[in-house]
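The values are calculated or read from the model by the stated rules, or taken from the named source; none is laboratory data. Please read all numbers here as calculations on a predicted model, not as lab measurements. Neighbour counts run over all protein chains shown; Cβ positions are idealised from the backbone, glycine included.
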Amino acid sequence: MGTKYNQVNLTPEEMPKRWYNILPDLPEPLPPPKDPEEGESRIKLLPQILLGECLKQEFSKESWINIPEELIHIYSQAGRPRPLFRAVNLEKKLDTPARLYYKSEFYSPTGSHKVNTALAQAYYAKKEGYQRLATETGAGQWGTALAYGASLAGLECTVYWVRAVHDWKHDRRNLMELFGAEVFASPSDKTEAGKELYQKNPKHPGSLGIAISEGIEDAKKDPNAIYCLGSVLNHVLMHQTIIGLETKLQFEKFDDYPDLMISCLGGGSNFGGFVLPFVGDVLTQGKKIKFMAAQSKASPNLQGEYKYDFADYAEQTPLLKMYTLGHKTDFPPIKGDGLRYHGCSPILSLLRDKGYIDTLAYPVDEKYVFEKTKLFIQTEGYLPAPESAYSVATAIDQALKCKESGEKKVIAFNVSGHGFLDIFGYREVLGLR
Ligand SMILES: Cc1ncc(COP(=O)(O)O)c(C=O)c1O
């Protein structure tokens, strides 16, 4: 096969019609969620917190889960499939023998990969008879994606948004509001979990862990509302495997296959969605691929401890076995704030523990990452979200290593979102006028 063009896309007919569930293929069973020794059972409360269909998917033993026909139409309306590009201009600029490819999740209507699970969760919520969705958001990408999903499904949406980001992304807040969502800076005075922190410090920068607590508490108090989570959990990563499944078909059309796959990692959803179908090839077909997660030194959760910890600040979730820096720890806000989370998906944590995933963390001031990303912007023309910039910088650094060693590696990276609503972040860090 092969193609003379630098882009491969699929037709809507070729879009994968099933998600890949890696659970049965993992090298050992995933440690299950646990209750803490004291207090009420968080596990018994799970059906109150999560959508029925998502809870089923969370523990499914099926390798493949059909994407509902209606949802496939919604995905196609949202512009899926999305192209895989060969970064020829960047390769030339770097003068590297490596072949670089990137997946374009930045083509999403709301700006990122988060729509892949937002549309699914909103679809199931409507089917299950809920009227409102409540959630957290860090970068604001997940909040916007869920607001969009809710509006398509005819549902209301409430978003608790980490204050450190809420306060500089005014345009993104307006986009959520245009979709009809109600948006609160977190910690807020709307929930018990937020109130104490808010009253102590009304300018508290917040964290994803705190915002998750607020979203859960809000939904628990209203029988017509359900909480939706934008990362970390197995079903979220499974919905995101549409990214990697498309990428695999696109690599076939390029007549190529990756040696190294890279993406940024906060809770793990875009990284997992991009790589898990390929991890499946490694585990079941003996393929050899390296996987590398790009993080910030502000919260390099994959360099934490592999142990049971809560997913939220107020300890409303069960304990998950994951790499964590501690659910009560404070981390300095960064412009790529979607990467600032204490824990990592249990699936990816297990794979990291077994040696399948490498990780690296870039300096907190983000100058290095954004400077490197300028090379991508100037050669490929797309503006990555600040989080996606970590993926781009890592790919560039690895391509430069190939230049030194002469290796003709095939490097694939995911550009999880665009940065059109985040230019202020670039301006601050790079000192633009
Ligand atoms: C564009 C983008 N990429 C990546 C992330 C990190 O999240 P995850 O690790 O779940 O993909 C975020 C989080 O907000 C994001 O907005």
(message) Among the residues of the range 103-113, are any part of a helix (DSSP H, G or I), over 22 Å from SER76 (Cβ atoms), within 14 Å of the ligand (Cβ to nearest atom) and not hydroxyl-bearing (Ser, Thr, Tyr)?
(response) no
(message) Can you say whether GLU69 is surrounded by fewer than 16 Cβ atoms within 10 Å (Cβ to Cβ) and modelled with pLDDT of 95 or more, as far as the supplied structure shows?
(response) yes
(message) The conditions are (1) farther than 16 Å from ASP358 by Cα; (2) assigned to a loop (DSSP other than H, G, I, E, B), and GLY267 fails exactly one of them. Which is it?
(response) (1)
(message) For the range 302-332, give me the residue count where each residue is over 20 Å from ILE49 (Cβ atoms), outside any helix (DSSP H, G or I) and within 13 Å of the ligand (Cβ to nearest atom).
(response) 1
(message) Need a quick list: helices (runs of 4 or more DSSP H) entirely within the range 133-236 having at least 1 residues that are more than 16 Å from the ligand (Cβ to nearest atom) and in contact with a His (Cβ under 8 Å, 6 or more places away or on another chain).
(response) 192-200
(request) Could you grab me the full set of residues in the range 114-132 that are farther than 26 Å from GLU380 by Cα and either assigned to a loop (DSSP other than H, G, I, E, B) or near the ligand (Cβ under 10 Å from one of its atoms) (or both)? (result) THR117, GLU128, GLY129, TYR130, GLN131
(message) Taking the condition of being closer than 15 Å to LEU360 by Cβ, touching a strand residue (DSSP E or B) at 6+ places or on another chain (Cβ under 6 Å) and more than 11 Å from the ligand (Cβ to nearest atom), how many residues in the range 254-299 meet it?
(response) 7
(request) Could you please let me know if LYS287 is more than 24 Å from PRO187 (Cβ to Cβ) and either of a type in the set (Lys, Arg) or modelled with pLDDT under 95 (or both)? (result) yes
(request) Would you check if GLY286 is out of contact with any helix residue (DSSP H, G or I) (no Cβ under 9 Å at 6 or more places or on another chain), small (Gly, Ala, Ser) and within 22 Å of LEU26 (Cβ to Cβ)? (result) yes
(message) Scan the range 88-111 and tell me whether some residue there is charged (D, E, K, R), within 21 Å of LEU233 (Cβ to Cβ) and either surrounded by 16 or more Cβ atoms within 10 Å (Cβ to Cβ) or without any contact (Cβ under 8 Å) to a residue 12 or more places away in the chain (or both).
(response) yes
(request) Please indicate, with yes or no, whether at least one residue in the range 275-283 is surrounded by fewer than 24 Cβ atoms within 10 Å (Cβ to Cβ) and assigned to a loop (DSSP other than H, G, I, E, B). (result) no
(request) Would you check which residues across the range 293-308 are surrounded by 22 or more Cβ atoms within 10 Å (Cβ to Cβ) and not small (Gly, Ala, Ser) and list them? (result) GLN295, ASN301, LEU302
